[in-house]
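The values are calculated or read from the model by the stated rules, or taken from the named source; none is laboratory data. Note that the structure is a prediction, hence the values are computed from the model and not measured. Cβ placement follows ideal geometry from the backbone for every residue including glycine, while neighbour counts extend to all protein chains displayed.
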Amino acid sequence: MRGPGILLVEASARGKLFTTIPLGPQYSQTLAINNVGVIDMATGQVQESQNILINGNSIVSMQSEAINPGAENNFDATGMFVMPGLADMHVHLYFSNNPASFATTDNSVLPALLANGVTTVQDLGSNCDAVKNTVQRIGQSELLGPRIFTTCEMLDGEDSRFETVKRLQDPEAVESEVQNLMAQGVNKIKVHLRPSRPVFQAIAAACQKNNIMFGGHVPDSIDAREAVDQGMNFIEHMSRIPPDDANLTQTIGEKQLWVTGTLIQGPSQSRLGLANNLRIAGARMLAGTDTPQGRGLCPNGATHTELKLMVKAGFTPLQALQTATTNAYESLNMLSQLGAIEPGKMADMVLLRGNPVENIDNIDAIAGVVVNGTLHDNEALDKMLSDADVVNKLPFACGDKNATMPRAAACCSV
């Protein structure tokens, strides 16, 4: 039996965290991944020669002994390593309200992400109806794609030039918009570039009153210190954080705010240094890219590039990988179900021909992807990418660099 996408309401340390995820196929077939090295994302250590049994969409056992009785489906992973599926914590799947553009996401962006081991995404600003429809279709196995957590439309100022926003002028109107988004099932509230100071203050107050996390861009109307003091829970792009403001960096670290660097947008030495300094200070760093719409980034490999840039910035490979696994799933309040290869967790994982903890470049050496208990081997992944045809479907991001970027894709503050 195949189950529909559903709405989960989880308790979090900061209040209720609303998450929209597909539970996907619910069936009893078993899959064994045999003789694989299991990477512990907390320590980076490898448990050699493990046999993993998956039933439906859950890991039911992991052992060095042979699985007996045998599984219905078997995958020989000798010489391979396995880690949890990657999460890209900043994407925009439907950054336009034009339904004619939705097919590109469905047929190209989603499979390209999955083929690169991205089994979860956090959408930080899209057409809400389009995202909810996609969550449902993925859950009913009508569409191939990762798990999706969403903020739906972003809260912005009255003069916003973006399509997928709620334009706010009157601070008195803010709380009803926050409550409307919560009723849609969003997991967080995303602030964009142009709210006025009074509107931003009203957003902060409404989110705290309604126990939902808020963050995003530090708006143009204020600075990062004020945003942090107002209770912003997460900061995207490290926006408006001065690289030389050690006191602010320390405050962000002490508050253990979630920070997504999107280094791929502008990998200058100052931004790389800021990301590493934030990590050292105690900020909880997340991997995110703004794929594909924000900067015209190609979903075929952008997340891997982000992880490599973190290592270039001074993260260890394990620390970089944690930003897309343990940190990411903790920020989504899903660490009890995702982010580790162990019995009881949902079966989202990436099979690799090399150990990325030893060399981050091994994140490219994908031999298979398991999402929700379904294995896509190398042949299936190659077909997935071929069908996605991102070079031709997303030429501004994945092909001709002289191609015209769609107007709706222009973004952001970094």
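Considering (1) crowded, with 24+ Cβ neighbours inside 10 Å; (2) at pLDDT 95 or above; (3) not hydrophobic (A, V, I, L, M, F, W, C), the lone condition that GLY273 does not fulfil carries the number (1).
Which of the residues belonging to the stretch 321-340 are in a loop (DSSP other than H, G, I, E, B) and either hydroxyl-bearing (Ser, Thr, Tyr) or touching a Gly at 6+ places or on another chain (Cβ under 6 Å) (or both)?
Initial filter on the stretch 321-340 (in a loop (DSSP other than H, G, I, E, B)): 324-325, 332-340.
Correct list: THR325, SER336.
Taken over the stretch 184-215, the residue count meeting the criterion of being under 14 Å from PHE234 (Cα atoms) and either within 23 Å of the chain's Cα centre (by Cα) or in a loop (DSSP other than H, G, I, E, B) (or both) is 11.
Within the stretch 216-232, the set of residues being on the phi < 0 side of the Ramachandran plot and either surrounded by fewer than 23 Cβ atoms within 10 Å (Cβ to Cβ) or small (Gly, Ala, Ser) (or both) comprises ASP220, SER221, ILE222, ASP223, ALA224, ARG225, GLU226, ALA227, VAL228, ASP229, GLN230.
When the residues of the stretch 136-151 are narrowed to those that are among the small types (Gly, Ala, Ser) and over 17 Å from THR291 (Cβ atoms), which ends up surrounded by the fewest Cβ atoms within 10 Å (Cβ to Cβ)? That would be SER141. The residue that is surrounded by the fewest Cβ atoms within 10 Å (Cβ to Cβ), among those in the stretch 300-318 that are small (Gly, Ala, Ser) and within 25 Å of ASP387 (Cβ to Cβ), is GLY301. With respect to the conditions (1) part of a strand (DSSP E or B); (2) at pLDDT 95 or above; (3) surrounded by fewer than 20 Cβ atoms within 10 Å (Cβ to Cβ); (4) hydrophobic (A, V, I, L, M, F, W, C), ALA42 falls short on a single one, namely (1).
Filter the stretch 359-378 down to the residues that are over 22 Å from ILE138 (Cβ atoms) and either assigned to a helix (DSSP H, G or I) or touching a His at 6+ places or on another chain (Cβ under 8 Å) (or both) and list them by number. Spell out the reasoning first.
From the stretch 359-378, those over 22 Å from ILE138 (Cβ atoms) are 359-365, 367, 378; that's our starting set.
Correct list: ILE360, ASP361, ASN362, ILE363, ASP364, ASN378.
Given the structure, is ASP389 surrounded by fewer than 23 Cβ atoms within 10 Å (Cβ to Cβ) and either over 20 Å from the mean Cα position of the chain (by Cα) or of a type outside the set (D, E, K, R) (or both)?
Working: surrounded by fewer than 23 Cβ atoms within 10 Å (Cβ to Cβ): yes; either over 20 Å from the mean Cα position of the chain (by Cα) or of a type outside the set (D, E, K, R) (or both): yes.
Taking the combined requirement at face value, the residue satisfies it.
Scanning the stretch 252-275 for residues that are closer than 23 Å to LEU124 by Cβ and polar (S, T, N, Q) returns GLN256, THR260, THR262, GLN265, SER268.
If you check ASN247 against the conditions, is it free of Cβ contacts under 8 Å to residues at least 40 places away in the same chain, surrounded by fewer than 18 Cβ atoms within 10 Å (Cβ to Cβ) and not in a loop (DSSP other than H, G, I, E, B)? Write out each step before concluding.
Details: free of Cβ contacts under 8 Å to residues at least 40 places away in the same chain: yes; surrounded by fewer than 18 Cβ atoms within 10 Å (Cβ to Cβ): yes; not in a loop (DSSP other than H, G, I, E, B): yes.
Spelling it out, ASN247 is indeed free of Cβ contacts under 8 Å to residues at least 40 places away in the same chain, surrounded by fewer than 18 Cβ atoms within 10 Å (Cβ to Cβ) and not in a loop (DSSP other than H, G, I, E, B).
On inspection, VAL91 passes the criterion of being touching a residue at least 24 places away in the same chain (Cβ under 8 Å) and either more than 24 Å from ALA32 (Cα to Cα) or out of contact with any strand residue (DSSP E or B) (no Cβ under 8 Å at 6 or more places or on another chain) (or both). Scanning the stretch 319-364 for residues that are within 16 Å of ALA287 (Cβ to Cβ), under 19 Å from the mean Cα position of the chain (by Cα), surrounded by 21 or more Cβ atoms within 10 Å (Cβ to Cβ) and of a type in the set (A, V, I, L, M, F, W, C) gives ALA320, LEU321, ALA324, ALA328, LEU332, MET334, LEU338, VAL350, ILE360, ILE363.
Here is a yes/no grid of residues against (1) more than 27 Å from THR323 (Cα to Cα); (2) surrounded by 12 or more Cβ atoms within 10 Å (Cβ to Cβ); (3) within 26 Å of the chain's Cα centre (by Cα):
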{"residue": "GLN47", "(1), (2), (3)": "no, yes, no"}
{"residue": "ASN55", "(1), (2), (3)": "yes, yes, yes"}
{"residue": "ILE59", "(1), (2), (3)": "no, yes, yes"}
{"residue": "SER64", "(1), (2), (3)": "yes, no, no"}
{"residue": "ILE67", "(1), (2), (3)": "yes, yes, no"}
{"residue": "ASP76", "(1), (2), (3)": "yes, no, no"}
{"residue": "PHE81", "(1), (2), (3)": "no, yes, yes"}
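In the stretch 51-63, the residues that are within 18 Å of ASP76 (Cβ to Cβ) and without any contact (Cβ under 8 Å) to a residue 24 or more places away in the chain reach residues that are β-branched (Val, Ile, Thr) and outside any strand (DSSP E or B) with C-beta atoms within less than 6 angstrom, at least six apart or across chains, in these pairs: ASN51/ILE67; LEU53/ILE67. Of the residues making up the stretch 175-187, those that are under 19 Å from ASN127 (Cα atoms) and either without any contact (Cβ under 8 Å) to a residue 60 or more places away in the chain or in contact with a helix residue (DSSP H, G or I) (Cβ under 9 Å, 6 or more places away or on another chain) (or both) are SER176, GLU177, VAL178, GLN179, ASN180, LEU181, ALA183, GLN184, GLY185, VAL186.
Restricting to the stretch 261-320, and then to whatever is in contact with a Pro (Cβ under 7 Å, 6 or more places away or on another chain) and not in a helix (DSSP H, G or I), can you tell me which residue is farthest from PRO356 (Cα to Cα)? Give the derivation first.
Within the stretch 261-320, the first condition is being in contact with a Pro (Cβ under 7 Å, 6 or more places away or on another chain), and the residues that meet it are 270, 273-274, 291-292, 298-299, 309, 311, 317.
Still in the running and not in a helix (DSSP H, G or I): 291-292, 298-299.
On the way: THR291: 22, PRO292: 24, CYS298: 22, PRO299: 20 Å.
Once the filter is applied, the top-ranked residue is PRO292.
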